[in-house]
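Please treat every number below as a calculation from the coordinates, not as lab data. Quick caveat: nothing in here was measured; it's all calculated off a predicted structure. When we count neighbours, we look across all protein chains shown, and the Cβ atoms used for this are built from the backbone with ideal geometry, even at glycine.
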Amino acid sequence: MPQVVDFPPIGQSAGALIALVRVCKETPAKGEPFRDFRSRLRGAKLWDRERPHTILRFLGTGGVTVMPSAFMQSVAAASGEDAIAEAIMDRVWQLNPLLGKGILDLVSQRAYHKDEIYKQLASLAFKGTVPSRPALEVWLQIALNTGLLRNIGIAVTMGPRAERYVALAQGIDADEFLAEDKPDPEPVIPSYSSDEETAAAPEATGGTETSVPVSASAAAGSPLPAPLRHLSAEGVPNPRNRDRPIPVSRFSQGFSDELLDETKNRISAWWTDAQKPALTYVPSDFGLDSEAWMERADEVVYRIAVAAALAFRLDRDRNAVIAAFNALDKAGVLGDLYQGTVPENLPAQVDARALMLASLAARRCAEVPDLAAQLEGRASAADAFATLDTALGRGLFRTELFWIVDMLAKLGVLRYDDLADFTVTPHRIVRDTLFRLGFIDTPYANDAAVMTRAARAARKAVPEGAADEILTMFALAAGCAYDCAHRKTCDFPCRERLE
């Protein structure tokens, strides 16, 4: 039997689980071409191009012609939430019964904090393959969503569906299991020529943080998202070992507000000493100022939306993004798109991908002609962000929405007491860093609400300045990573040190 520790994050939201059920129900009994199946996974936001085997392994399928596995058929045939939850948890158990047994053996005694569970699994007492902390979080979220576990405050204990799996766990002998353990074959992923992949590029991806077409996506090999690739740790002092180490005993049971404040102060002191100038995008990069807002506010919102699309998806460095924006502007393309007219002339210097992204932004902005007034007239920044999400979200923008709010804040046109909570872009590297330092409970984010919690946590960690860039620089300079090589010498309170 296998020891799979990498599961798709289908427990993070009800929408992800519903999407998985839909994929199973819509897979033809006679099978379908892999590309068609992959397209449906992308549309359901279940496909991660960096880790394609994860979802295919969980579904138990793959190959040139994708056939519905026994698991997919059981999900498709399930009627009602209870039957679906049971089918999902059965599959999770089947892929790693030893991990399930290890966790149930713990929570059957008392409620455990999630970090406590990880610490126990990472000890010598657990003989199976130890998942990373984020991977464990995915497993726990699925278990909570399906009723195997339930929350008691910030701890977890056995849930209403645990009895059956406790009985299964009692029948597992760890030594016998490991002696017979054989991994299942990896799913087969067909390879296509570059021409075929280019033709399929406009499909939406589930592994990225936006759903603008893949043809304009950032290079997969880069460790940083496109808007942060101008950052480098060269010449930046290491934030580690500047102060006395925080004892592990202070955060083994959780990260208190007092401890988080101490982390915040350490980051602040390090960044002050680093004396690095801000490198973030500013409105003037795109020819925007507060006077333009007074004259044509809705067009300013549109132009910021175009800038966001280019910054996140053009796969160019900062200077090239600004140059592409200026080329569209000087050629009159931005004005034509905003007015809803077809550009008469397209000079050679106009980038085709930039034009496509600008067209997408223009079409969405045209659906909400009074968006600027709506953003100004809300009771709070939270309400204004919800308005922006309704207008420009819906499958087009996601992480970019925070970037857009930040640009509007820099223009000085939005004035809300809680505005700072929405001016941090919660890139994945930012969420990873916040998770390790204890500011958030999970690095995963499947919807605007979870993204917002991460943005607020980032502002708690870095109250002033470009928190997303500062936290990214912190991670780069400190060498932060999962399975961190510095866990035994780092002085920061960090989940990696709990191992």
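Of interest is the spacing of the C-alpha centroids, which for the range 261-319 and the range 99-129 amounts to 43 Å. Among V321, V368, V4, the order by Cβ neighbours within 10 angstrom, fewest to most, reads V368, V4, V321.
Look at the dipole of the chain built from charges on Cβ: of G43, L148, A361, the Cα furthest out on the positive end belongs to L148.
With neighbour counts taken as other beta-carbon atoms within 10 Å, the residues T387, T272 rank, fewest first, as T272, T387.
To the nearest ten degrees, helix 400-411 and the longest principal axis of the Cα atoms of the chain are 40 degrees apart. Dipole check for the chain: with +1 at the C-beta of Lys and Arg, -1 at the C-beta of Asp and Glu, and the Cα centre as origin, the magnitude is about 680 Debye. Per the Kirkwood formula applied to alpha carbons, the range 1-207 shows a radius of gyration over Rh ratio, Rg over Rh, of 0.98.
Give me the percent relative contact order of the chain, please, defined on Cα pairs under 8 angstrom at least 6 residues apart.
Value for the chain: 17 percent.
Three principal axis extents describe the C-alpha atoms of the chain; from largest down they are 72, 63, 42 Å. Mean separation of Cα pairs under 8 Å and 6 or more residues apart, divided by the residue count, gives the range 1-207 a relative contact order of 34 percent. Beyond 15 Å, the tail of the calculated P(r) for the range 21-122 holds 68 percent of the Cα pairs.
Pairs from the table (K101/K127; K45/K182; K127/K182; K276/K488; K25/K45) lying more than 20 angstrom apart at Cα are K45/K182; K276/K488.
Shown here for the range 44-152: GluC sites (Glu not before Pro) in loop regions (DSSP other than H, G, I, E, B) with at most 15 other Cβ atoms within 10 Å, namely E50. Rounded to the nearest 10 degrees, the inclination of helix 448-461 to the longest alpha-carbon principal axis of the chain is 80 degrees.
The spacing between the range 148-182 and the range 405-442, judged by their C-alpha centroids, is 38 Å.
Which residue, chosen from A352, L392, A297, occupies the Cα position most advanced towards the positive end of the dipole of the range 283-422, where the dipole is computed from +1 (Lys, Arg) and -1 (Asp, Glu) charges on Cβ about the Cα centre? Positive-end residue among those listed: A352.
Compute the helix-to-body angle for 81-95: its Cα long axis versus the longest principal axis of the chain, expressed 0 to 90° and rounded to tens. With both axes taken from Cα atoms, the answer is about 70 degrees.
About the Cα centre, and with charges only on the beta carbon of Lys, Arg (+1) and Asp, Glu (-1), how big is the dipole of the range 283-422? Nearest 20 debye, please. Its charge dipole is roughly 420 debye.
Its Cα gyration tensor gives the range 449-488 an equivalent ellipsoid, and the semi-axes of that ellipsoid, as √(5λ) in whole Å with the largest first, are 22, 13, 8.
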